[in-house]
Structures are given as C-alpha cells and as structure tokens.
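> Take a look at this one; I'll ask things after.
The values are calculated or read from the model by the stated rules, or taken from the named source; none is laboratory data. Note that the coordinates shown come from a computational prediction; the quantities given were computed from them, not determined experimentally. Quick reminder, even Gly has a Cβ in these numbers, built from the backbone with ideal geometry, and neighbours come from all protein chains shown. Keep in mind that these areas ignore ligands, DNA and RNA; they rest on the heavy atoms of the full protein, side chains included. Shrake-Rupley method; radii C 1.70, N 1.55, O 1.52, S 1.80 Å.
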Amino acid sequence: LTGLQERLEQSTRQLSELEELLQRRELDRNEENDRVKKYEARLKDIKNNREYQALVREIGFAKKAGSELEEEIARLKESLGVRKEEVDTAAALVEEKKAALAAKKAEADKVVAELEQSKSVEIKRRDEVHGEIPPDIMSRYKLVRRRTNLVVVNVRAGACQGCFMSLPPQLYNQVKRVDALYTCPNCHRILYYEPQDEAVKV
Ligand SMILES: [Zn+2]
C-alpha cells in the first residue's frame, strides 16, 4: 500500500506540473494571438511602405509562434489525458487495498478480542486453582515460574523433560512412586510421572 501511495503521489505531482505548463503555454498563445490582432489593426493606419512590410513580417512571426504553441498545447493535453488516467487507476487501486486492509484488521481485532476474553477466563480459573494449592508448593512453583512458563514437567527415560538432564536413579524411582512432590535438582521444575509416556517409548 505504501509503495502504491508513493507512486500515486508521484503521478499526481507530475499531473499538476503538466497542468501548470499547459496553463503557461495557453497564456503565451493568447499573447501571440493578441499581438497578431493588435498589429493587424495597426496596419490600416500605416502609410509608409517600409513600415508596412516590417509589421507584416512581425505578424508572420507572431502567427508562427502562435501555431507552434498551439501544437505544443495539443501534445500537452494528450499527455495530460494519459497521466490523468494513470492517476485515476492508481487512486482506485489504493482505495481497494485500503478497504482490503481494513477488512483484515477488523478480522484480526476480532480474534484479539476473543483471545483477550479467553485469557481473562483462564486467568480467573488459574487464580481459583491457586487457592487450593498448599502455600509451600505454591512458592516453589512461583520461584520457577519467574524463569519459565513451563514449571511442571514429566519425567521420561530417567530424564527431566524441562531441562533434559538425567535424574539420579533414586529420585527417578521416587518420582515414579508418586508418593510426594519432587523437583528437578538441575532446573527446579516440579516433576510428575505418567506411565503411558514410558509405555509409548518402549
Ligand atoms: Zn530439570
């Protein structure tokens, strides 16, 4: 869109430059036409043949200049027409892209609003669950949570699935027994064991 808008601005600038040039040439042509009229009116009053010839020559110059300007004006009008079409096309394209972008943004805004909504639902649910957890476990949880989003991880093949370090065999067996809450000695994440994890692996 930015690229299109820049091109449109450039074309619009060129268009107004052409319009100005056309206006200047039309003024020049009018001047030449006025000069011809003025000289032709003066012709009747001239008695001296030499002065008469000189004025006729001046009229010829002015007419020639006028018709050259006329040709240039026609050329300018033609390129002005082409340029106008370019500007109109570019402007229509810019409007089209703007509308498409606005539609995309509205869609994205809707998704964001929905996410915000479910986020607040989840936060509320989290706070409710937090209340049910013993304070000492909660403080262990919060300590790790400061570093990472992944606080509670399973163990698989004797390794913590948070940091992937092997656990001491005794600790691994304790975790597998699920008789208390254990944490990884390396990353301090809270560990849990799911038998099907190993079953899949074997
Ligand atoms: Zn770990």
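> Taking the DSSP beta bridges in the chain as the whole, what percent of them are antiparallel, to the nearest 5?
60 percent
> Can I ask one more? Can you compute the modelled spin-label distance between residue 56 and residue 21, with each label point 7 Å from Cα toward Cβ, in nm?
Result for the modelled spin labels: 3.8 nm.
> Helix 135-145 versus the longest principal axis of the chain: what is the Cα-based angle in degrees, 0 to 90, to the nearest 10?
Between helix and principal axis, roughly 40 degrees.
> Need the full-extension length gain, residue 71 to residue 33, defined as separation in residues times 0.36 nm minus the C-alpha distance. One decimal, nm.
12.3 nm
> Further, regarding this structure: Please determine, in degrees from 0 to 90 and to the nearest 10, the orientation of helix 2-43 with respect to the longest principal axis defined by the Cα atoms of the chain, where the helix direction is its Cα long axis.
10 degrees
> Here's something else I'd like to know. Assuming 0.692 mPa s and 37 °C, estimate D for the chain with Stokes-Einstein, Rh taken as the Kirkwood radius over Cα pairs, in µm²/s.
125 µm²/s
> Tilt of helix 49-130 relative to the longest C-alpha principal axis of the chain, in degrees (0 to 90, nearest 10)?
Computed tilt is about 10 degrees.
> Can you give the extra length, in nm with one decimal, that the chain gains between residue 146 and residue 128 once fully stretched, where that is 0.36 nm per residue apart less the Cα-Cα distance?
Residue separation times 0.36 nm, minus the Cα-Cα distance, leaves 4.5 nm.
> I would also like to ask the following. Amide H of residue 167: which non-local residues (sequence gap of 5 or more, or other chain) have their own amide H closer than 5 Å, using H built in the peptide plane?
Result for residue 167 returns 159, 160.
> Leaving out ligands and nucleic acids, and using a 1.4 Å probe, what accessible area per residue does the stretch 23-182 come to in Å²?
75 Å²
> Quote to one decimal, in nm, the extra length available between residue 177 and residue 12 on full extension: 0.36 nm per residue of separation minus the C-alpha distance between them.
Taking 0.36 nm per residue and subtracting the Cα distance, the gain is 51.6 nm.
> Keeping all protein chains in position, work out how much accessible area residue 141 exposes to a 1.4 Å probe, and write it in Å² to the nearest 10.
The accessible area comes out at roughly 60 Å².
> Related question: Order the following by accessible area, largest value first: 72, 86, 31, 132. Probe radius 1.4 Å; ligands, DNA and RNA are ignored.
Listed by decreasing accessible area, they come as 132, 31, 86, 72.
> Please identify every one of the trypsin sites (Lys or Arg not before Pro) in the stretch 99-193 that sits in a loop by DSSP and has no more than 12 other beta carbons within 10 Å of its own beta carbon.
146, 147
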